[in-house]
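Enquirer: My structure is below; once you've seen it, I'll send some questions.
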Amino acid sequence: MRSGVVQIFEQSDAIKRLPEQFFAKLGKRVRELIQEGHDVINLGQGNPDLPTADHIVKALQEAAEKPINHKYSPFQGFPYFKQAVADFYKREYDVDLNPDEEVALMFGSKIGLFEVSQCLLNPGDTALLPNPGYPDYLSGVALANVTHEFMPLLEENGFLPDYSKISEDVLQKAKLMFLNYPNNPTSGVATKAFFDDTVALAKKHDICVVHDFAYGAIGFDGVKQPSFLASEGAKDVGIEMYTLSKTYNMAGWRVAFAVGNPSVIKTINLLQDHLFTSLFGAIQEAATEAISGDLTYVRELVDIYEKRRNVLVDSLRKIGWEVEAPKGTFFAWFPVPNGYTSAEFAKLLLEEAHVVVASGDGFGTLGEGYVRLGLLDSEERLREAAERIGKLGLFR
Ligand SMILES: Cc1ncc(COP(=O)(O)O)c(C=O)c1O
């Protein structure tokens, strides 16, 4: 080959199977508008807007000075962090966990959701995914060359899957099921009874349940959101993923954990022993600080989101957009007005009102007809977003 000619190497089949990264695509046009000097209100993404609490940042600063944290941290993490996770689950959910066998630490839950397909599935196996759902479930499954079946999340069922509508054939084939409550994008919430039913279904059909509890702490109107693991027998059939990204405003820190079924945790740990040594020790110390002791500051954060929710819902109702108040997460999932697809409506809001919302179809075919708005800006900006949308005159 002549020097100076840059060879283009072909992507592997696994990479070619990956769907388009929805959030990466969303950002491009927004950046352009900002560069053109527009005042854009970005309610399109799931990146918490508030800073990490001071005591957690301080814990990181102090921990960063300790030489022990300058070395590789132990494979699978420091025992004190895993013990703190077990204590946290006992305190918050009355769930007993063995820190050595039932806790795996991760660089954020996104990677964990990816790993689980690699850990448990072979090409041709079947996974059950929510539709609409967090797009990365599909990415992990696609990379593992696994077949998937969608479980519809319909408004009339409170955005919970109706297990009685899944065919016996699909249930026989299914090896893995992804669930996520409080739910992104629909903001639907689960009950303990729903998780009890899930355990029974999983036992009957030998399905491993992966419950993504990313928004576990963010429930409104005084309702504490149940952990899947608090249902009897849940640990026999599944795991729960818990991230510090949302509850603790620590999205940039990349720290999460998986808890539950020891055979699944062991396999995740085994895979991770090959992929990584564990998280930076100082992050482990700061994360331990975050989940230990008095969690009043978390409840204060949830109050902030609840107030923002109320402002957004009231302001949108004022402009004539009939929306239901979300019960959890920091997202709102609203129907688009007649005559628009989700993408058309999101584009109109972006171009004409400079308000970014996520088009529902990016979360699956059954997201069509909805848009997702994040409660990730101040009450004032949310009010302004509603006013700008109102000026388009679509709802009266
Ligand atoms: C439902 C859900 N799961 C998982 C994640 C990933 O979170 P992280 O990788 O920051 O832990 C997100 C982030 O947006 C999410 O919305």
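The values are calculated or read from the model by the stated rules, or taken from the named source; none is laboratory data. Every value quoted in this text rests on a predicted model; they were computed, and no experiment measured them. Quick reminder, even Gly has a Cβ in these numbers, built from the backbone with ideal geometry, and neighbours come from all protein chains shown.
Enquirer: Can you name the residue in segment 31-70 that is away from the ligand (no atom under 16 Å from the Cβ), among the β-branched types (Val, Ile, Thr) and closer than 24 Å to Trp253 by Cβ and, of all such residues, is surrounded by the fewest Cβ atoms within 10 Å (Cβ to Cβ)?
Expert: This residue is Ile68.
Yes or no, residue by residue, for (1) closer than 29 Å to Phe331 by Cα; (2) in contact (Cβ under 8 Å) with a residue 60 or more places away in the chain; (3) assigned to a helix (DSSP H, G or I):
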site: Leu50; (1), (2), (3): yes, yes, no
site: Ile56; (1), (2), (3): yes, yes, yes
site: Ala63; (1), (2), (3): no, yes, yes
site: Ile68; (1), (2), (3): no, yes, yes
site: Gln76; (1), (2), (3): no, yes, no
site: Gln83; (1), (2), (3): no, no, yes
site: Tyr89; (1), (2), (3): yes, yes, yes
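Enquirer: Report whether or not Gly281 is surrounded by fewer than 17 Cβ atoms within 10 Å (Cβ to Cβ) and away from the ligand (no atom under 16 Å from the Cβ).
Expert: Answer is no for this residue.
Enquirer: Which ones in segment 106-125 are among the polar types (S, T, N, Q) and either buried (at least 20 other Cβ atoms within 10 Å of the Cβ) or within 12 Å of the ligand (Cβ to nearest atom) (or both)? Step through it out loud before you land on a result.
Expert: So the first thing to find is which residues in segment 106-125 are among the polar types (S, T, N, Q), and the list is 109, 117-118, 122.
Ser109, Ser117 - these are the residues of segment 106-125 that are among the polar types (S, T, N, Q) and either buried (at least 20 other Cβ atoms within 10 Å of the Cβ) or within 12 Å of the ligand (Cβ to nearest atom) (or both).
Enquirer: Name, by its number, the condition in (1) closer than 20 Å to Glu306 by Cα; (2) in contact (Cβ under 8 Å) with a residue 40 or more places away in the chain; (3) surrounded by fewer than 19 Cβ atoms within 10 Å (Cβ to Cβ); (4) of a type outside the set (D, E, K, R) that does not hold for Pro326.
Expert: (3)
Enquirer: Now a separate question. With under 22 Å from the mean Cα position of the chain (by Cα) and farther than 23 Å from Leu375 by Cβ as the only criterion, which of Lys204, Lys235, Lys266, Lys246 stands out?
Expert: Only one candidate qualifies: Lys235.
Enquirer: Then there's this: What pairs come up if the first residue lies in segment 265-279 and is touching a residue at least 12 places away in the same chain (Cβ under 8 Å) and part of a helix (DSSP H, G or I), the second is crowded, with 19+ Cβ neighbours inside 10 Å and polar (S, T, N, Q), and their beta carbons are under 9 Å apart, counting only those six or more places apart or on different chains?
Expert: Sorted first by the residue in segment 265-279, then by its partner, the pairs are Asn269/Gln76; Gln272/Gln76; Gln272/Ser278; Asp273/Gln76.
Enquirer: Please work out if Leu97 is touching a strand residue (DSSP E or B) at 6+ places or on another chain (Cβ under 8 Å), closer than 28 Å to Gly27 by Cα and modelled with pLDDT of 95 or more.
Expert: Considered against the rule, which asks whether it is touching a strand residue (DSSP E or B) at 6+ places or on another chain (Cβ under 8 Å), closer than 28 Å to Gly27 by Cα and modelled with pLDDT of 95 or more, Leu97 comes out as no.
Enquirer: Tell me yes or no: at least one residue of segment 124-136 is free of Cβ contacts under 8 Å to residues at least 40 places away in the same chain, touching a strand residue (DSSP E or B) at 6+ places or on another chain (Cβ under 9 Å) and not in a loop (DSSP other than H, G, I, E, B).
Expert: Narrowing segment 124-136 to residues free of Cβ contacts under 8 Å to residues at least 40 places away in the same chain: 124, 136.
Retained after the next criterion (residues that are touching a strand residue (DSSP E or B) at 6+ places or on another chain (Cβ under 9 Å)): 124.
Right, trim to not in a loop (DSSP other than H, G, I, E, B) and you get none.
Checking segment 124-136: not a single residue is free of Cβ contacts under 8 Å to residues at least 40 places away in the same chain, touching a strand residue (DSSP E or B) at 6+ places or on another chain (Cβ under 9 Å) and not in a loop (DSSP other than H, G, I, E, B).
For every residue, the table says whether it meets (1) at pLDDT 95 or above; (2) closer than 16 Å to Val210 by Cβ.
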{"position": "Asp136", "(1), (2)": "no, yes"}
{"position": "Ser139", "(1), (2)": "no, yes"}
{"position": "Ala144", "(1), (2)": "no, yes"}
{"position": "Phe150", "(1), (2)": "yes, yes"}
{"position": "Asn157", "(1), (2)": "yes, no"}
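Enquirer: If I go through segment 280-309 residue by residue, how many of them are free of Cβ contacts under 8 Å to residues at least 12 places away in the same chain and part of a helix (DSSP H, G or I)?
Expert: Selection size over segment 280-309: 4.
Enquirer: What's the total number of residues in segment 342-379 that are within 19 Å of Lys391 (Cβ to Cβ) and either under 22 Å from the mean Cα position of the chain (by Cα) or hydroxyl-bearing (Ser, Thr, Tyr) (or both)?
Expert: Counting residues in segment 342-379 that are within 19 Å of Lys391 (Cβ to Cβ) and either under 22 Å from the mean Cα position of the chain (by Cα) or hydroxyl-bearing (Ser, Thr, Tyr) (or both) gives 6.
Enquirer: For segment 81-123, what are the residues that are within 21 Å of the chain's Cα centre (by Cα), acidic (Asp, Glu) and more than 18 Å from Ala234 (Cβ to Cβ)?
Expert: Glu115
Enquirer: Continuing with the same structure: Looking only at residues that are closer than 28 Å to Val146 by Cβ and in a loop (DSSP other than H, G, I, E, B) in segment 5-30, which one is nearest to the ligand (Cβ to nearest atom)?
Expert: For segment 5-30, the residue satisfying everything is Gln21.
Enquirer: Sticking with this one: For segment 284-314, name all the residues that are farther than 24 Å from Pro335 by Cα, buried (at least 19 other Cβ atoms within 10 Å of the Cβ) and not acidic (Asp, Glu).
Expert: Matches in segment 284-314: Gln284, Ala286, Ala287, Thr288, Ala290, Ile291, Leu301.
Enquirer: If you don't mind, there's one more thing I want to ask. If I ask for residues that are within 30 Å of Asp169 (Cβ to Cβ), more than 12 Å from the ligand (Cβ to nearest atom) and not in a loop (DSSP other than H, G, I, E, B), which ones from segment 219-263 would you list?
Expert: Phe228, Leu229, Ala234, Lys235, Asp236, Val237, Gly238, Ile239, Gly260, Ser263
Enquirer: Kindly provide the set of residues from segment 136-167 that are farther than 15 Å from Lys16 by Cα and either crowded, with 21+ Cβ neighbours inside 10 Å or among the aliphatic types (A, V, I, L, M) (or both), ordered by number.
Expert: Result: Tyr137, Met151, Leu153, Leu154, Phe159, Leu160, Pro161, Ile166.
Enquirer: Would you point out the residue of segment 340-373, among those that are outside any helix (DSSP H, G or I) and small (Gly, Ala, Ser), that is surrounded by the most Cβ atoms within 10 Å (Cβ to Cβ)?
Expert: Only one residue tops the list, namely Ala358.
Enquirer: Let me ask something else about it. Any residue at all in segment 206-218 that's within 13 Å of the ligand (Cβ to nearest atom), surrounded by 24 or more Cβ atoms within 10 Å (Cβ to Cβ) and of a type in the set (Val, Ile, Thr)?
Expert: Yes: segment 206-218 contains one or more residues that are within 13 Å of the ligand (Cβ to nearest atom), surrounded by 24 or more Cβ atoms within 10 Å (Cβ to Cβ) and of a type in the set (Val, Ile, Thr).
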